[in-house]
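Notes for the one structure printed next.
Read the figures in this text as sums done on the coordinates, not as results from a lab. Nothing here was measured: the structure is a model prediction, and the numbers come from that model. Glycine gets a Cβ as well: all are built from the backbone with ideal geometry, and neighbour counts include every protein chain shown.
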There are 2 protein chains.
Amino acid sequence: MPRPSTTADVFSAIAEPRRRQIIDLLSRRRGVAVGTIVMLLGLPQPAVSKHLGVLRAVGIVSVSKQGQQRLYELNLEQLRPVYDWVKTFDQYWERQLDRIRAKAERRARELSSATGKTTRKKGTT
Amino acid sequence: MPRPSTTADVFSAIAEPRRRQIIDLLSRRRGVAVGTIVMLLGLPQPAVSKHLGVLRAVGIVSVSKQGQQRLYELNLEQLRPVYDWVKTFDQYWERQLDRIRAKAERRARELSSATGKTTRKKGTT
DNA sequence: TTGACATATTCCGTAAACGGAATATAATCC
DNA sequence: GGATTATATTCCGTTTACGGAATATGTCAA
């Protein structure tokens, strides 16, 4: 058994870069026609339709008919498993940010304490 | 061209449920031997080694030798693209939480204002 | 109906992914 | 050295993903 099929699992569905692009696009506008996506992303129409089909299958997007167009919009709550999983490591991300902050502060301190000393030549080890 | 290869793209790498399990496991302990993972997850050893290989290739985990064991540990910063991408929709998640909160509050209000009134029968529209 | 447009589906080919079994490598102990 | 343990790699088979081209469906308009 390979990876869970893209049409059944959110994580697999978003593994495709162009699908993430589509999601990004739909997160900014609502009710976007397929043709618009085709134009904006510069992909062949069947490709877009197929990707939308996958996203539809996992429930990430939903469609509505308007004349001969199909308007797609995001259904972000279907993306929540991903959000939740990543959120698990929040603690870590914050620690990382702290580390970066600390480093910046230390550098700032070093800089200020170096004020008045002779500037080291570049390349001097 | 199928999906970007699991060994090159973080999103593809984490599309595999068992790989996420391994990541979860490694997020709780550091320096875990392969055998431990095999035991804890109940997977065949070659499977684990292969999954670890994928995670290694994307940089999510790193190894160190200790005797004849290989100790794996997480390298979570490699997961940041996922975190960042999902974070994009933070606004949305918060809105969702607000909606849930609001609904709960409304329900609470309804409950308190219903105090003293006769209880509506279930199914009454 | 016919025709133009918007979108979906099908068919085909190629490239991987994953699992399983067997085997290889590498470190340790006798 | 040989045996044992821990881990990695290889080979094979099946399943699936994706892209592209062609085609089908569906909708409007005249």
Per residue of B:72-83, other chain Cβ atoms within 10 Å number on average 3
For the protein assembly as shown, the Cα gyration tensor yields equivalent-ellipsoid semi-axes (√(5λ), largest first, whole Å) of 40, 28, 25
Square roots of five times the C-alpha gyration tensor eigenvalues of chain A, ordered largest first and given in whole Å, equal 47, 19, 14
Looking along the axis that carries chain A onto chain B, the residue of A whose Cβ comes nearest, with distance in whole Å, is A:A15, 2
Note to self, the protein assembly as shown gives a 222 nm [θ] from helices alone (DSSP H runs n ≥ 4, -39500 (n - 2.57) apiece, / all residues, nearest 500) of -17500 deg cm²/dmol
Checked segment A:10-78 against the a/c 1.5 cut and the a/b vs b/c comparison, axes a ≥ b ≥ c from its Cα gyration tensor; verdict oblate
Inter-copy distances for A:R56, label 7 Å out on the Cα-Cβ vector, sorted ascending, nm, one decimal, are 4.3
In whole Å, largest first, the alpha carbons of segment B:38-109 cover along the principal axes 64, 26, 19
Sorted shortest first, the nm distances from the A:A8 label point (7 Å along Cα→Cβ) to its counterparts in the other copies are 2.7
Under 5 Å from the placed amide H of B:A33, counting only residues 5+ away or on other chains, we find B:Y72
Across B:A104, B:A13, B:A33, the residue with the highest GNM fluctuation in chain B (Cα network, 10 Å cutoff) is B:A104
Shortest first and in nm, the label-point separations between B:L97 and its counterparts in the other identical copies (7 Å out along Cα→Cβ) come to 1.2
Segment A:78-99 and segment B:37-92 have their Cα centres apart by a whole-number Å value of 15 Å
